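A short write-up of the structure that comes next.
The values are calculated or read from the model by the stated rules, or taken from the named source; none is laboratory data. The structure presented is a predicted model; accordingly, all values stated were derived computationally and were not measured. With ideal geometry, Cβ positions are generated from the backbone for all residues, glycine too; neighbour counts draw on all protein chains shown. Ligands, DNA and RNA are excluded from the accessible area calculation, which covers all protein heavy atoms including side chains. Shrake-Rupley method; radii C 1.70, N 1.55, O 1.52, S 1.80 Å.
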Amino acid sequence: MSIFLDCIQKKKINRPPIWLMRQAGRYLSEYRETRKQAGSFLDLCYNSDLATEVTLQPIEKFGFDAAILFADILLILDALGVKVEFIEGVGPKIEPVRKLEDINNLLNVENIHEKLGPVYKTITMLKSSLPKNVPLIGFAGAPWTLSTYLINGRGEAGSITTKKFLLSNPAEFEKIINILTEATIEYLLMQIKHGADVIKIFDSWAGALNADMVLNYSLKPIKRIVETIKEKYPNIPFIVFPRAVNTTYSYFSNIKEFDVLAIDQFLDRDWVAREIQPKKIIQGNLDPIFLTLEKDVLLMELKKVINSFKKHPFIFNLGHGITPDAKVDNVKSMVEYIKEIDFR
Ligand code: 1CP
């Protein structure tokens, strides 16, 4: 019924399923229009009618094989009681939480569902409006990535501030990671209860960690989240995206509860085909820059991705989110190309 779920469940498929990270976003004029109507970015995330509308836009326009809930990984910080804003043209801005006192007083896991109610409602609405062969991906940020925003107040290349914090304040950091892990479990359980078919965990800043830290602060909390949720929902597939962790991807491929590993554009594809694909279904890894270039340049790269990964089933996607300057015609051509593949 769904080529995306068939692929994850290792059933036979004749072409790779395709969807794109940030497929609803600023490269689409329809999105920019709805976004204007909503007011701020947070208003859009918490408006179930409009969030449903923007989730459906890329499905209707391109025919992707999966939809991803329109929301943001930072909503959970807002729901925990932290001040979160999205500044136009700049990005997220969070009031940093670093002191034990603030951690204890501010972060309140019990109350998150009240604020996140509209997100659950969006999921319910999407489940009744999506075509039956298009599953819905729910998602959350991984505790490490969420902690970088919580501790530093914004995204920071190399996450230096948060790394220094974790090394200098281990008790506070541990407390923060535990709270974020607990909150994420609660949040994802509710997403599944409302109808999310697959869950993706984004650890976008995992590449800032050294290899030991990747295991302790990226892999370990993600594993705890997935294991805990699978005790209740053993059949919900998880896509895990530890971005830019280099060869430590191997450790993620050894975790049996992770169903799919999302692969960034920095990895050597031959290494992935050799070391990761025999153990895990992968998703990725076209460099998003190719969607901003000429169609023939894009198609050349696209063929490289397919040729590298085609010996095993894989989900076609980008190595990171689509950028606002991506060309809509390129996305169309890419989906058409993928849908015409026939491995038989
Ligand atoms: O002005 C706008 O309209 C805001 C642009 C935008 C969009 C479209 C932001 C701000 N978030 C989103 C939606 C979003 N974010 C989705 C929706 C579903 C889809 O993919 O279509 C998802 C899954 C996310 C996840 C997200 N938010 C991540 C993880 C994935 C990644 O890109 O690494 C991260 C790190 C964020 C934080 C965030 N939100 C928005 C921005 C610009 C950022 C990154 C800022 C930074 O670099 O620190």
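For Asp203, the residues whose amide H sits under 5 Å from its own are Ala142, Phe241, Arg243, ignoring neighbours fewer than 5 places away on the same chain, with H placed 1.01 Å from N. The string of couplings for segment 4-21 from the Karplus curve (6.51, -1.76, 1.60, θ = phi - 60°) is 5, 5, 4, 4, 4, 8, 6, 7, 6, 10, 9, 8, x, x, 9, 8, 10, 4 Hz, one whole number per residue in order, with x for Gly and Pro. Compute the signed sum of charges (Lys and Arg +1, Asp and Glu -1) over the other residues within less than 11 Å, Cβ to Cβ, of Pro135. Around Pro135, the surrounding residues sum to -1.
Rounded to the nearest Å, what's the spacing between the alpha carbon centres of segment 255-286 and segment 132-205? Just the number, please. Cα centroid of segment 255-286 versus Cα centroid of segment 132-205: 21 Å apart.
Here the calculated FRET efficiency for Arg344 and Leu293, from their Cβ-Cβ distance with R0 = 45 Å, stands at 0.90, rounded to the nearest 0.05.
Residues whose amide H falls under 5 Å from that of Ile315, counting only those 5 or more places apart or on a different chain, are Ile282, Gln283, Gly284, with hydrogens built in the peptide plane. To put it simply, the accessible area of segment 237-278 at a 1.4 Å probe is 44 percent carbon and sulfur.
Is segment 283-324 rounded, prolate or oblate when judged by the Cα gyration tensor, a ≥ b ≥ c being the square roots of its eigenvalues, rounded requiring a/c under 1.5 and prolate requiring a/b larger than b/c? Here segment 283-324 falls in the oblate category.
Dividing the mean sequence gap of close Cα pairs (under 8 Å, 6+ apart) by how many residues the chain holds gives a relative contact order of 20 percent. Within straight-line reach of Lys327, meaning a Cα separation under 24 Å, sit the following lysines at least 8 residues removed in sequence or on another chain: Lys36, Lys61, Lys295, Lys303, Lys304, Lys339. For segment 127-139, 3J(HN,Hα) computed residue by residue from phi via the Karplus equation (6.51, -1.76, 1.60; θ = phi - 60°) reads 4, 8, 10, 6, x, 4, 8, 10, x, 9, 9, x, 7 Hz, glycine and proline entered as x. With the helix formula -39500 (n - 2.57) applied to DSSP H stretches of n ≥ 4, the chain reaches a computed 222 nm mean residue ellipticity of -14000 deg cm²/dmol. What segment 126-219 shows is 34 Å² of accessible area per residue, with the surface traced by a 1.4 Å probe over protein heavy atoms. In the context of the full set of protein chains, segment 245-337 has a per residue accessible area of 44 Å² (1.4 Å probe).
A dipole drawn for segment 179-276 from +1 and -1 charges on Cβ atoms has a positive end, and of Leu215, Phe266, Ile185 the residue lying farthest that way is Ile185.
Couplings for segment 79-93, taken from phi via the Karplus curve 6.51 cos²θ - 1.76 cosθ + 1.60 with θ = phi - 60°, read 5, 6, x, 8, 7, 10, 9, 10, 8, 3, x, 10, x, x, 9 Hz in order; Gly and Pro are left as x. Solvent-accessible area of segment 32-129 (1.4 angstrom probe, protein heavy atoms only): carbon and sulfur portion equals 48 percent.
In segment 146-208, what percent of the accessible surface is made up of carbon and sulfur (1.4 Å probe, ligands and nucleic acids excluded)? Ligands and nucleic acids excluded, carbon and sulfur give 52 percent. Here's the list of lysines a cross-link from Lys93 could span, going by alpha-carbon distance under 16 Å and ignoring same-chain residues fewer than 8 apart: Lys83.
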